[in-house]
Amino acid sequence: MKSNSRIIILICFLLLNSLTQAQQPFGNIMEGFPSAIEELFDKGHPQAKVLGPGLFSNSPPLIEQYSLTTNQFAGTQNGSFYIRAADTDSFTWSITPKDGWYWNIDNSLWSPNGQYIIVKQTDDRKVPEIKLSQDNFEKITYKKYSRAGQNIPIEQFYIINPATGAKTAIEQQPNLTYVHVLEWSNASDKLFLIAADRLMKEVHLQMVDANTGKATDMLVEKSDTYLIGLNLLQGYSKRLQDMQVASFWEDKNQFTWMSERSGYNQIYLYDYTGKLIRPLTNFSENGIVSSIQKIDKESRTIYFLAHSDKEHPYSSQLYKTNLKKEEITKVVDTPGIMELFFPYSKDTLWILRSALPKTLQLDRYSPQGKYYDSPWKGNFSSIKENYFNYEYVTTSSADETIKLRPLILKPSNLDESKTYPVVEYIYGGNSYNVVPLNVLDKWLWEMNRLAQEGYIVVFIDGRGTAERGKAFQDFSYGKFGQVELEDHISVLKQLGKDRPYMDMDRIGVIGHSWGGHFALRAVLEAPDFYKAAHLNAPAIEPKEFRVAIEPFMGCLPKNCPERYAMSGILNKLDRLKAPLMIVHGTADDDVPIDESYKLMKFLDQRNYKNYTFVPYDGMGHIVMRNPEWLPNVVRFFEENLK
């Protein structure tokens, strides 16, 4: 399921600076973006104090949580939990944690009446650490980090009465490792949680009594593979809330639930006993539900984006459905729909659209889908005509059973009588698609700069990636890395047949994070096809990936060592013929730089000299922010493909 695109828009404002530093022609594309819509983004209270870093160095920091009802902040300091009034820095009171534990403000939530706040304690004493460095190794820090199969933090949630400091532990099941707070009831007497086992094959939607902490299952969903995905991991609660996987209609004791149980993500209506009332959407009418955009409790209407165009499987259409009567209505079907906003009233739909080459605008519609006007458009004045020389193509999967939709970027001055080296930007993992669909995509700009240097750049989302249904995504379940490349190689060959300007003897590959893994895998498993690989913050060996790999493999390494061994690549380094460039930040706390050190150690043991390692001092996972990164990418492929 697609994450809320408001995140994309917020990132875009930050992206402007980084792209300018990389001398990208991004210009003032977001100039004049309406403040009324910016104000809809949850930026927290302006006086809330920053308490510490977020999940990763590139994540939003942890900040105090504010209650508008009581005008109080809740936060943590030195492991203790405190409450303070908004007009003072002094604590009203504070609570120390259990021995060996610490209070953690992540996923805390005030009740609407301000009489309660839910907050958790964390015990990560058994979680291993990784080493991070900056200032040329003068400054060393350590961070808790769980690889596949290793201990993860233990978390216990409490409901706290801020007037007295009394706390009530929430009933939690030991086998449900991941627990996330969704929302409070309007009366503040109940709390709704979602909990899942470590492999995400079992998900519980729960109602908690605020007075006793007793948790009651409202719905339990089980699967032979994983459910929902990475947003169930610890630290991703905000993203899970934004998905609105569950919403609660308390006046009717009903809730809605998003599920892929039919094979395609849809929305269902239940009562509080867990009885299915009816599906609110269905594949035959609206295709795959990609995201809930707006829930109007008053009219009992749900606006959602869905993929219903079979010829363009990733394009989005805006639909609405209603809890009062059985109807599914297509509201707007126009290219590039990203997000729905209601900045003023529910009488006007503001729809953000973005598509190549130069579509970035806000359109206004009636709730029935009548177009009014476009009050804002992106400023593309600094973007040269034909800057994006692109082509979306329909190809087939390697077994010719499924249509795929890759994107080709070409030089603006393409001369079809000449031949050009080809570079694939790859990711390959289950949770993320790479084919750019909008002009806010950061990799679109980076890779288009490479295209302007005389390359054909190709993006491919093959089987095993998201937003095409459960079977499509589960293609690689339990076989991470073992089956994905066949679609990538097949698509490139299909493209090359009809485009003689693509030099199929000069194909390179570049990938970031898990994409770095697949870039390395490409030159190992198809050494006569891929001729050079640029690895950015690469994760190398699946059995040593972060815990995020576990639900996609379906087991822990100790329980299925043979499965992880089959997904390994270090034992294939003898096949390596291609030049490598390995780029990693020394303070990367998502994929530690130890991954690259280990790869280099194995290369050195084999006396393999044809690689370059570039450590970026003090940088985290997003190494592309370094102004040297893009010139180094261009230089590497110039030296090895041209």
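The values are calculated or read from the model by the stated rules, or taken from the named source; none is laboratory data. If you're wondering where the values come from, they're calculated on a predicted model, not measured in any experiment. Cβ placement follows ideal geometry from the backbone for every residue including glycine, while neighbour counts extend to all protein chains displayed.
Worth a mention:
Residues checked against (1) within 30 Å of Glu385 (Cα to Cα); (2) touching a residue at least 60 places away in the same chain (Cβ under 8 Å):
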| position | (1), (2) |
| --- | --- |
| Glu446 | yes, yes |
| Thr465 | no, no |
| Arg468 | no, yes |
| Phe472 | no, yes |
| Phe480 | no, yes |
| Glu484 | no, no |
| Ser490 | no, yes |
| Tyr501 | yes, yes |
| Asp505 | no, no |
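- Residue among Ala565, Ala519 that alone is out of contact with any Ser or Thr (no Cβ under 7 Å at 6 or more places or on another chain) and touching a residue at least 60 places away in the same chain (Cβ under 8 Å): Ala519
- Those residues of region 555-608 which are touching a strand residue (DSSP E or B) at 6+ places or on another chain (Cβ under 8 Å) and acidic (Asp, Glu), in sequence order: Asp588, Asp589, Asp590, Asp594, Glu595
- Of the criteria (1) of a type in the set (Val, Ile, Thr); (2) modelled with pLDDT under 95; (3) under 22 Å from Gly585 (Cβ atoms), which one Val127 fails: (2)
- Test for Gln206: is it over 20 Å from Val289 (Cβ atoms) and among the polar types (S, T, N, Q): yes
- Any strands (runs of 3 or more DSSP E) falling wholly within region 223-320 and containing at least 1 residues that are within 30 Å of Ser397 (Cα to Cα) and not assigned by TED's automatic domain parsing to the domain that holds Arg463: 254-259, 266-271, 288-296, 301-307
- Qualifying position, being in a strand (DSSP E or B), within 31 Å of the chain's Cα centre (by Cα) and assigned by TED's automatic domain parsing to the domain that holds Ala195, among Ser108, Ser94: Ser108
- The single condition among (1) free of Cβ contacts under 8 Å to residues at least 60 places away in the same chain; (2) under 17 Å from Asp503 (Cβ atoms); (3) in a loop (DSSP other than H, G, I, E, B) that Leu409 does not meet is (3).
- Hey, Gly515 buried (at least 21 other Cβ atoms within 10 Å of the Cβ) and within 22 Å of the chain's Cα centre (by Cα) or not: yes
- Subset tally (residues that are within 20 Å of Asp242 (Cα to Cα) and among the hydroxyl-bearing types (Ser, Thr, Tyr)) for region 271-313: 5
- Residues being surrounded by 13 or more Cβ atoms within 10 Å (Cβ to Cβ) and polar (S, T, N, Q) - total across region 558-577: 1
- Residue in region 142-162 that is within 23 Å of Leu269 (Cα to Cα) and surrounded by fewer than 16 Cβ atoms within 10 Å (Cβ to Cβ) present: no
- Residue check for Glu484: among the charged types (D, E, K, R) and surrounded by fewer than 20 Cβ atoms within 10 Å (Cβ to Cβ): no
- Of residues in region 188-198 being in contact (Cβ under 8 Å) with a residue 24 or more places away in the chain and part of a loop (DSSP other than H, G, I, E, B), the one farthest from Leu227 (Cα to Cα): Ser188
- Which listed residue, of Ser490, Ser476, Ser513, is on the phi > 0 side of the Ramachandran plot, among the polar types (S, T, N, Q) and modelled with pLDDT of 95 or more: Ser513
- Gly54 within 26 Å of the chain's Cα centre (by Cα) and either part of a loop (DSSP other than H, G, I, E, B) or modelled with pLDDT of 95 or more (or both): yes
- All of (1) more than 20 Å from Tyr530 (Cβ to Cβ); (2) of a type in the set (Gly, Ala, Ser); (3) modelled with pLDDT of 95 or more hold for Gly462 with one exception: (1).
- Taken together, Val203, Val220, Val181 contain a single residue that is under 22 Å from Phe56 (Cα atoms), assigned to a strand (DSSP E or B) and among the hydrophobic types (A, V, I, L, M, F, W, C), which is Val181.
- Output for region 333-360, where each listed residue is within 20 Å of Leu409 (Cβ to Cβ) and touching a Leu at 6+ places or on another chain (Cβ under 6 Å): Ser354
- Some residue of region 552-575 being in the same structural domain as Leu524 (by TED's automatic domain parsing), out of contact with any helix residue (DSSP H, G or I) (no Cβ under 7 Å at 6 or more places or on another chain), within 28 Å of Asp503 (Cβ to Cβ) and at pLDDT 95 or above: yes
- For Val179, the test of being touching a strand residue (DSSP E or B) at 6+ places or on another chain (Cβ under 8 Å), over 26 Å from Asp242 (Cα atoms) and either without any contact (Cβ under 8 Å) to a residue 60 or more places away in the chain or among the polar types (S, T, N, Q) (or both) is failed.
- Cβ separations smaller than 9 Å between residues 6+ apart or across chains give the following pairs from region 204-223 residues that are without any contact (Cβ under 8 Å) to a residue 12 or more places away in the chain to residues that are buried (at least 21 other Cβ atoms within 10 Å of the Cβ): Thr216/Gln206; Thr216/Val208.
- A count restricted to region 438-474 and to residues that are closer than 21 Å to Tyr264 by Cα, part of a loop (DSSP other than H, G, I, E, B) and of a type in the set (A, V, I, L, M) stands at 1.
- Applying the set (1) over 18 Å from Glu311 (Cα atoms); (2) within 27 Å of the chain's Cα centre (by Cα); (3) surrounded by 22 or more Cβ atoms within 10 Å (Cβ to Cβ) to Val422 leaves exactly one unmet item: (2).
- Taken over region 239-267, residues that are without any contact (Cβ under 8 Å) to a residue 24 or more places away in the chain and crowded, with 19+ Cβ neighbours inside 10 Å amount to 1.
- Taken over region 111-125, the criterion of being farther than 18 Å from Leu55 by Cα and in a loop (DSSP other than H, G, I, E, B) is satisfied by Ser111, Pro112, Asn113, Gly114, Gln115, Tyr116.
- Residue check, Ser133 buried (at least 16 other Cβ atoms within 10 Å of the Cβ), more than 22 Å from the chain's Cα centre (by Cα), within 22 Å of Phe545 (Cβ to Cβ) and among the hydroxyl-bearing types (Ser, Thr, Tyr): yes
- Residue match in region 149-156 (condition: assigned by TED's automatic domain parsing to the domain that holds Gly100 and farther than 30 Å from Ile593 by Cβ): yes
- Residue within region 400-414 that is closer than 16 Å to Trp445 by Cα and surrounded by fewer than 15 Cβ atoms within 10 Å (Cβ to Cβ) present: yes
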